[in-house]
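Everything on this sheet refers to the single structure shown next.
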Amino acid sequence: MVVDDCCFFHKDSLVIKPQKKYPLGLWMAVLGLIMISGIYICSLCLKQSVLLITPNQMKVKSTRQTCHDPSIPKSELRYMHYPEPTSYSREECACTPVRFFAILSMQRSGSGWFETLLNSHANVSSNGEIFSVKERRSNISTITKTLDKIYNLDWYSSASKNECTAAVGLKWMLNQGLMQHHEEIIEYFKKRGVSAILLFRRNLLRRLVSVLANTHDRDAKQLNGTHKAHVHSKDEADVLARYKPTINTTLLIPELKHTDKWASEALGYFKSSRHILLFYEDLVNNKTKLMDVLEFLKLPRQKLFSRHVKIHNKPLSDQIENWDAIHAALKGTEYESFVNTDYGV
């Protein structure tokens, strides 16, 4: 009896064992189904993220395709931009291409006067000395962040033309972080298609006189207790021109050399980017030079004007207190031409 029961047990086992092969197949099927489901779910996630990104990409692509002018040479396309400001819509001017520029100069080299001339153009927005504020030039990150805001037409100033701006830029002095971070800034200019306008002064002695007079007025405040770097009337100009600086003859040549060196270095750095070199004296004496600038920025020609009145318009001999000593100090040097051939501007 025990034997029979034992045998019966083994018989049942023999009947059951073949059934254990089926779950293995089922497991394989389930595993395959899970894999297929996983692949399907992943594909849905990828599609969803693509859909999230695509509208903006399509918007930019659509704008560029809609605004593209086939008559524009390919070499110029990298300098033509279609900004989309966050604070307003360019509306009917959305397809007006915008050129990016920067006026690179040194204090008292005519850059303020030159910028007002540019801003008198109906389509130019030049936003002044943005980087005179130290926080904006504290490091390359703050510099590029500021530039991005300017070139996206999100920087508001009295010069902003907003919707129909065709050229936007700023005035940037060499001592405002420009030379310190020149490598990164040049790379930025090339990447963003920014054109450099280098503006210097030939007669560095005249520039020095202007620097010293401007420094004096910061303290003296000769115009009714107010310091003015630029004036809009002849009377105001005459008041400021009364001050005749005494120039240190020992420091004169080193100062001229330093200024000359900085201008040469700046030109050497930025000549690899799209640029134009201007001199204050040429702009004053030859009005066609201004048209060259408009051509450089691919802007329609217009008559440009400025309310600035020149402060120091007399011969240098009438503007320097110790003129005889300065004349003697420069005689026979590479800077002798500054006193012997006064450009008169």
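When the charge dipole of the range 210-276 is built from unit charges on Cβ atoms (+1 for Lys and Arg, -1 for Asp and Glu) and taken about the Cα centre, the candidate among Val239, Gly268, Gln222 whose Cα reaches farthest toward its positive end is Gly268.
What you get for the range 228-281, charging only the Cβ of Lys and Arg (+1) and of Asp and Glu (-1), is a dipole of about 120 debye around the Cα centre.
Would you list Thr165, Thr288, Thr250 from the most to the least accessible area, probe 1.4 Å? Intermediate results must be reported in sequence, preceding the final value.
Numbers: Thr165 0, Thr288 80, Thr250 105 Å².
In descending accessible area the options line up as Thr250, Thr288, Thr165.
By a 1.4 Å probe calculation restricted to protein chains, Glu255 has an accessible surface near 70 Å², given to the nearest 10.
When only alpha carbons are used to place a centre, the range 162-214 and the range 217-263 end up 20 Å from one another. In this structure Trp155 has an accessible area near 50 Å², from a 1.4 Å probe over the protein heavy atoms.
Relative to the present Cα-Cα distance, how much length would full extension add between Arg192 and Lys221 at 0.36 nm per residue of separation? Can you show the working numbers first?
Numbers: separation 29, 0.36 × 29 = 10.44 nm, distance 4.14 nm.
Result for the pair: 6.3 nm of gain on full extension.
Would you work out which of Ile186, Trp155, Phe131 lies farthest towards the positive end of the dipole of the range 88-186, given +1 charges on the beta-carbon of Lys and Arg and -1 on that of Asp and Glu, about the Cα centre? So the residue furthest toward the plus end is Phe131.
Near the amide H of Phe101, within less than 5 Å, lie the amide hydrogens of Val168, Gly169, Leu170, Ser195, all on another chain or at least 5 residues away, with H placed in the peptide plane. Across the range 234-246, computed HN-Hα scalar couplings (Karplus, 6.51 cos²θ - 1.76 cosθ + 1.60, θ = phi - 60°) run 5, 4, 5, 4, 5, 5, 5, 6, 5, 6, 10, x, 9 Hz from first to last residue, x flagging Gly and Pro.
Here the 3J(HN,Hα) profile of the range 125-130, calculated from phi with Karplus coefficients 6.51, -1.76 and 1.60 at θ = phi - 60°, is 10, 10, 9, x, 7, 4 Hz, Gly and Pro shown as x. Averaging the Cα positions of each part gives two centres, and for the range 284-299 and the range 83-138 these lie 17 Å apart.
Hey, could you grab the Kirkwood Rh for the range 224-315? Inverse mean 1/r over distinct alpha carbon pairs, Å, one decimal.
Working: mean 1/r = 0.0593 Å⁻¹.
16.9 Å is the Kirkwood radius here.
Computed with every protein chain present, the accessible area of Ser233 is close to 40 Å² [probe 1.4 Å]. Couplings 3J(HN,Hα) of the range 313-325, computed from phi: 10, 8, x, 4, 4, 8, 10, 10, 4, 9, 4, 4, 5 Hz, in residue order, whole Hz [Karplus 6.51 cos²θ - 1.76 cosθ + 1.60, θ = phi - 60°; x for Gly and Pro].
Amide H contacts under 5 Å for His275: Ala196, restricted to partners 5 or more places along the chain or on a different chain, H placed in the peptide plane at 1.01 Å from N.
The values are calculated or read from the model by the stated rules, or taken from the named source; none is laboratory data. Everything quoted here is computed from the prediction, not taken from an experiment. Because the Cβ atoms are built from the backbone with ideal geometry, glycine has one as well, and the counts that use them run over all protein chains shown. Ligands, DNA and RNA are excluded from the accessible area calculation, which covers all protein heavy atoms including side chains. Shrake-Rupley method; radii C 1.70, N 1.55, O 1.52, S 1.80 Å.
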